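Enquirer: Attaching a single structure in structure tokens format; questions to follow.
We did not get these values from a lab; they are worked out from the coordinates using the rules stated. In this text the structure is predicted, and so the values were computed from the model without any measurement. Here the Cβ positions follow ideal geometry from the backbone for every residue, glycine too, while neighbour counts run over all protein chains shown.
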Amino acid sequence: MSENVKNDLLQKLQKQYMNRNREVKSILIDTMVDVHGYNRKYAIKMLRGKTNRVGNLGLPKGHPIRYGAQVVDVLGSCLDMIDWKIRLLLKRLIFFM
């Protein structure tokens, strides 16, 4: 089945899914799983229109992003210009960056 046909079927199933009861929704989800080969949870998200087909655009996985040397230098020079009370608070915040 081509991607265009699958997309057309998805749009038709989405329109039907919105205003149906639980039993009919279950049948539509089963159809989506059989045709596209998706997991049930992903099929539900697709039918609700809560996701796109590009991929996972959520939070990046792995280690948290750390700021580079340039950003840390700029923050340091900004800290030199700020009152010492605020400076202490910002130093604590920078620890978590």
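Enquirer: Once a ≥ b ≥ c are taken as the square roots of the eigenvalues of the Cα gyration tensor of region 3-48, is the result rounded (a/c under 1.5), prolate (a/b larger than b/c) or oblate (a/b not larger than b/c)?
Expert: It comes out oblate by the Cα gyration axes.
Enquirer: With +1 assigned to the C-beta of every Lys and Arg and -1 to the C-beta of every Asp and Glu, and no other charges, what is the dipole magnitude of region 3-48 about the Cα centre in debye, to the nearest 20? Intermediate results must be reported in sequence, preceding the final value.
Expert: Working: 10 positive and 5 negative charges, 58 e Å.
Roughly 280 debye, rounded to the nearest 20.
Enquirer: Okay, moving on. Kindly state, to the nearest 0.05, the FRET efficiency for K61 paired with K41, given R0 = 22 Å and r defined as their beta-carbon distance.
Expert: E between K61 and K41, to the nearest 0.05, is 0.75.
Enquirer: By a straight-distance test (C-alpha under 19 Å), which lysines pair with K45 as possible cross-link partners, with residues fewer than eight away in the same chain excluded?
Expert: Answer for K45, where 19 Å is the Cα cut-off: K6, K12, K15, K25, listed by chain and number.
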